[in-house]
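Some notes on the structure that comes next.
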Amino acid sequence: MGGGGASVRDSKPVSQRGCVKWKTLTGQRVASRHSRFRPPLSSLSFFTSSPDKLPAHTSMDGKGSASASGSALPTVDLNVLLGRRTLNKFLETENSFDNNKITPIYQRIFRSLIGAISELESRGITRGYLQPHQIMVGGPCVEFMKAWPLPRPEEDNPTAPTYRKEFDSLVRKILGERDFSNLELNHFLHITASAASGQESLFNFRQLQWHPILLSSAELPQLVYHLFLHLDMMGTSSWKEDFRQMIQRDVEVRGTVLGVDYFSDVYNLEGPQYYEENALGAFLYSANAISDVNGYIRKAFKQYMKDEEKGMELMTVEQIFDVLISFFPHMLVDVYDFLVKKGLPIDDVL
């Protein structure tokens, strides 16, 4: 038998590895807000415990003894084989912040750690240490990246800080000093600090997994659009008044969108009676624009574009949403705050 070693995994940084591409909202036609179509959102699962302990090497018969020929199999590092590293090693090669956003890899790491902490709290384990060398990170690519405490905590450590405090410190350590003009990041760090101090003791920590700063560009419009569908079809008749009272922010809706091609058409369909000059109006308008903007692009094309060779360029959902965020910078944090204050399970909405 040859004595060659085990094959080495892809040596590229995780952020550069390919992965199977799943269908999202991007590029798909979004149904009218009056229909019951719900664009799919890939379900998320999280590791909340350390992996089973596996032997570093074994024999042909799987019993740990030498084979009949007396030759031992080559030693295999399962962490390398499975693409696992402790977080402190991960930090040496993977950038945590880029283009004023948390990178997708660290979005996944933070989300899975939030899930792990929530699972521990559900078992009454609220205190323990969460340092980079105590966290395992693994996954073949960004979409399947997970992080979990190692070893798996089995009991509360009364002399340790709370996991919420440790998470707040960990996030700030990873992200470093930042320009807190980033509204979503500032909002996120405010919540983690409040949770760490005990001011948000009743806050369902699991909800933090779906904070806008941790969502992908494909998931952000789904958060807004799916919440609108959920409330419109399943909410009580008072949900708009609840939103109006819980999120008290003046927003100039009419003056912002009028004069902008196609976006003006969305506003004019319902008018100022529907779109109030506040956070509720910005939310309602944004949900409808996600659904309707491309319809007005098609209408304009059929009416004015006679040269078929010019083609019709629709906007992707992400492009539409980028315009909406430029219109209403607070809209995402307002929607998130409403979900949390209302006590709606965000994963049920999505």
Exercise for review: Name the one entry in M246, M312 that is surrounded by fewer than 21 Cβ atoms within 10 Å (Cβ to Cβ) and modelled with pLDDT of 95 or more.
Suggested key: M246
Revision key, fill the gap. Per the list (1) surrounded by 15 or more Cβ atoms within 10 Å (Cβ to Cβ); (2) modelled with pLDDT of 90 or more; (3) among the small types (G, A, S), residue check on G138 breaks on (2)
Revision key, fill the gap. Across the range 142-176, the tally of residues that are in a loop (DSSP other than H, G, I, E, B) and out of contact with any Asp or Glu (no Cβ under 9 Å at 6 or more places or on another chain) stands at 13
Review point. Does A218 count as closer than 19 Å to F327 by Cβ, crowded, with 16+ Cβ neighbours inside 10 Å and small (G, A, S)?
Key: no
**Study point:** Unique match (being at pLDDT 95 or above, surrounded by 14 or more Cβ atoms within 10 Å (Cβ to Cβ), of a type outside the set (D, E, K, R) and not in a loop (DSSP other than H, G, I, E, B)) among I114, I125
**Key:** I114
Check your understanding: Where residues in the range 85-107 are assigned to a loop (DSSP other than H, G, I, E, B), surrounded by 13 or more Cβ atoms within 10 Å (Cβ to Cβ) and more than 15 Å from the chain's Cα centre (by Cα), which of them is modelled with the highest pLDDT?
Key -> L91
Review point. If you go through the range 220-236 one residue at a time, do you hit one that is in a loop (DSSP other than H, G, I, E, B) and either at pLDDT below 95 or in contact with a helix residue (DSSP H, G or I) (Cβ under 7 Å, 6 or more places away or on another chain) (or both)?
Key: yes
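The values are calculated or read from the model by the stated rules, or taken from the named source; none is laboratory data. Not measured: the values here are computed from a predicted model. Quick reminder, even Gly has a Cβ in these numbers, built from the backbone with ideal geometry, and neighbours come from all protein chains shown.
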